[in-house]
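Asks: What follows is a structure written as structure tokens; I'll ask about it next.
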Amino acid sequence: MSHNIVSQTLGREVGKIIAVHLSYPSRAKQRGRIPAEASYFMKASSSLTGPGEVTRPENTDLLVFEAEIAVIIGKPARNVSEENAWNYVSHVTAANDMGLLDFRAADKGSNVRSKSGDGMTPIGPQLIDATKISPDALRVKATVDGKVVQDDSSSTLLFSFAHFIADLSRFMTLEPGDVILTGTPSGSSVLQPGQSVTVEVYSEDDPSMTSGELTTTVVAGDPVADIGSAPKADEKQKIDAWGSREEAGLEPEFELTDDLRERLSKLALATLSSQMRQKGYPNVSIDGVHPQTPGTKLVGRARTLRYVGHRPDLFKKFGGGYNAQKRAIDSVNPGEVLVMEARGYEHAGTLGDILALRAKVRGAAGIITDGAVRDWAPVEEVGLPVFAQGAHPSVLGRVHIPWDTDVTITCGGVAVQPGDVIVGDDDGAIVIPPHMVEELVADAEQQESEEEFIAEMVANGESVDGLYPLNAQWRDRYNEWLSAK
């Protein structure tokens, strides 16, 4: 097996296997988050194998492959610097960080069962001498049944190989035979029985310096025994395994299209609220807020920010510097509405003109707070749609601590989740769960069309009896009116 090559070269058995979670920008973009620091997990050395077969148990669905560059430690490393770290590497080669993501939720981050099964770490088949290559010029490529699905360079890494070695060696001695799996680029996905995946690592300066082809073929196997946690392929695991909702065969995620934004902007908040009540959602209004500038219309997807009550020790720790409020403003995206939970407390500002300007420059659709706004006139001059309870000169530190972002909050008495659709006008603002938007818009448009007809009839002197709401006779006349339009 391939790990015998490592053992024979170094004169000792393979030791620890340490794998990196996220290291390539392409993968980080796919996952929707860029890590501030490297993070790791362990794999059992018994998972090592060479080219050959890997078994997917019958009662699992999410056998994944991840093409990676394996860095092999050649001499003991403890508290080494990044500048000197590469001197502790003897070889690199190809690796495939395989796993059964059906068991990832049960592992709660450890990956013990999902990643350490027998045969889940193919490595090799040849070792590349680390002294003869540049660590910043290695290519890793994967093909599935002959089609290229992953292809990236170590030059793009968020963290260098040297960083991994220096970081880990702060806590543990890296010993000869230890293997660091340095993360995978975008493109990894799910394999089915009968498919084959091939991973190769080579020098971009000299492609003849290669690991050779590491090919693994998936075969069907007996079910995993019914002991402990059962396999579970929920939506999150499917998306992570396949790489996208579409590839996983899931319904596309809701998108607030330009057409939907335009249609929502033409509908009265009162109409939308009425339709929500009819659909079993009576509590959708962010109570107590109104637009700074009368006539403002607001439509966008929610981002959330939560304040908690002031306490001196907590404010000292969390309130200053680049706090949650500033992080929220600094990360709001075009078309999003930042919704702030200020516990309905209007006696301190939760927004000022500089942060309002930053949000506008970021392309935000607006800001809603169930607290107050300071610098009221300068904020209004910024031209960003802002909904609040009113004005107050005090800074937020008088009563608030910016606490966390992108969590479910309660603003103005209503629950708001990141991604909800927010609509505001002179009547206030409401929250719409994404799955309801398209049907709600169609029904609200129908209601407003009927009310236009009713208003026209009332203006012509008709009684509201039987007209509002429409009875069968008046509905026939409405349909005629609509056809004529």
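The values are calculated or read from the model by the stated rules, or taken from the named source; none is laboratory data. Remember, predicted model here, so these are calculated numbers, not experimental data. Positions of Cβ are backbone-derived with ideal geometry, glycine not excepted, and every protein chain shown enters the neighbour counts. Ligands, DNA and RNA are stripped out before the accessible areas are found, and what is left, the full protein with its side chains, is counted by its heavy atoms. Shrake-Rupley method; radii C 1.70, N 1.55, O 1.52, S 1.80 Å.
Asks: Expressed as a rounded percentage, what relative contact order does region 72-120 have, with Cα pairs under 8 Å and six or more residues apart?
Replies: Dividing the mean separation by the residue count of region 72-120 yields 31 percent.
Asks: Normalised by the number of residues in the chain, what is the relative contact order in percent for Cα pairs under 8 Å and 6+ residues apart?
Replies: Relative CO of the chain lands at 15 percent.
Asks: Give me a comma-separated list of calculated 3J(HN,Hα) values for region 466-483, in order, Karplus coefficients 6.51, -1.76, 1.60 applied at θ = phi - 60°, integers in Hz, x for any Gly or Pro.
Replies: x, 8, 9, x, 5, 8, 4, 5, 5, 5, 4, 5, 4, 4, 5, 4, 5, 4
Asks: Sticking with this one: Could you please report the charge total around residue 383, scoring K, R as +1 and D, E as -1 over all other residues with beta-carbon less than 12 angstrom from its beta-carbon?
Replies: -2
Asks: Would you kindly derive the ³J(HN,Hα) couplings of region 96-107 from the backbone phi angles with the Karplus curve 6.51 cos²θ - 1.76 cosθ + 1.60 (θ = phi - 60°), listing them in order in whole Hz, with x for Gly and Pro?
Replies: 10, 7, 8, x, 9, 6, 4, 9, 5, 4, 5, 7
Asks: Sum up the charges of everything whose Cβ sits under 12 Å from the Cβ of residue 140, counting Lys and Arg as +1 and Asp and Glu as -1, but leave residue 140 out.
Replies: On the way: positive: 27, 139, 141; negative: 66, 68, 97, 151, 152, 200, 204.
Summing Lys/Arg as +1 and Asp/Glu as -1 gives -4.
Asks: Please give the per residue accessible area of the chain, computed with a probe of 1.4 Å over protein heavy atoms only, in Å².
Replies: On a per-residue basis, 45 Å².
Asks: Taking every Cα atom in the chain, find the radius of gyration and the maximum pairwise distance Dmax, and write them in Å.
Replies: Values for the chain (Cα only, Rg and Dmax): 29.3, 100 Å.
Asks: Which log10 I(q)/I(0) values, to two decimals, does region 312-391 give at q = 0.12, 0.16, 0.23 Å⁻¹ under the Debye formula with one point per Cα?
Replies: Cα-only, vacuum Debye calculation for region 312-391: -0.32, -0.56, -1.11.
Asks: Another question about this same structure. When Lys and Arg each count +1 and Asp and Glu each count -1, what net charge do the other residues less than 11 Å away from residue 22, Cβ to Cβ, add up to?
Replies: +3
Asks: So if I place +1 on the C-beta of Lys and Arg and -1 on the C-beta of Asp and Glu, and nothing else carries charge, what would the dipole magnitude of the chain be about its Cα centre? I want it in debye, nearest 20.
Replies: Using only the charged Cβ atoms, the result is roughly 1860 debye.
Asks: Another question, if that's okay. Just to check I understand the Karplus step: with θ = phi - 60° and J = 6.51 cos²θ - 1.76 cosθ + 1.60, what whole-Hz values come out for region 177-183, glycine and proline as x?
Replies: Taking θ as phi minus 60°, the curve returns x, 5, 10, 10, 8, 8, x Hz for region 177-183.
Asks: If you take the alpha carbon radius of gyration of region 205-245 and divide it by 2.2 N^0.38 Å, what ratio comes out, to two decimals?
Replies: In units of the globular-protein estimate, region 205-245 measures up at 1.97.
Asks: Looking only at Cα atoms, what is the convex hull volume of region 245-377 per residue, in Å³?
Replies: 173
Asks: Quickly estimate the mean residue ellipticity at 222 nm for the chain, helices only: each DSSP H run with n ≥ 4 gives -39500 (n - 2.57), and the total goes over all residues, rounded to 500. Please report the intermediate quantities before stating the final value.
Replies: On the way: 15 runs with 130 residues, N = 485.
Result for the chain, helices only: -7500 deg cm²/dmol.
Asks: Roughly speaking, what is the centre-to-centre gap between region 412-485 and region 12-32 when only Cα atoms are used, to the nearest Å?
Replies: What the calculation gives is 53 Å, centre to centre.
Asks: Treating each Cα of region 35-147 as an identical point scatterer and ignoring solvent, apply the Debye formula and state log10 I(q)/I(0) at q = 0.11 Å⁻¹.
Replies: Calculated log10 I(q)/I(0) at the listed q: -0.44.
Asks: Of all DSSP beta bridges located in the chain, what percent are antiparallel, nearest 5? Numbers along the way, then the final one.
Replies: Working: 59 of 85 bridges.
Of those bridges, close to 70 percent are antiparallel.
Asks: Moving to a separate point now. What is the set of long-range amide H partners of residue 91 at a cut-off below 5 Å, with H atoms built 1.01 Å from backbone N?
Replies: 72, 130
Asks: Could you pull out every residue, at least 5 positions away or on a different chain, whose amide H is within less than 5 Å of the one on residue 150? Hs are placed 1.01 Å off N in the peptide plane, and Pro or chain starts have none.
Replies: Here 142 satisfy the definition.
Asks: Scan around residue 221 for amide H atoms under 5 Å from its own, H built in the peptide plane at 1.01 Å from N, and keep only partners 5 or more places away or cross-chain.
Replies: 56, 58
Asks: Further question on the same structure: Using only the alpha carbons of region 223-305, determine the length spanned along each of the three principal axes and report them from longest to shortest in whole angstroms.
Replies: 64, 28, 27
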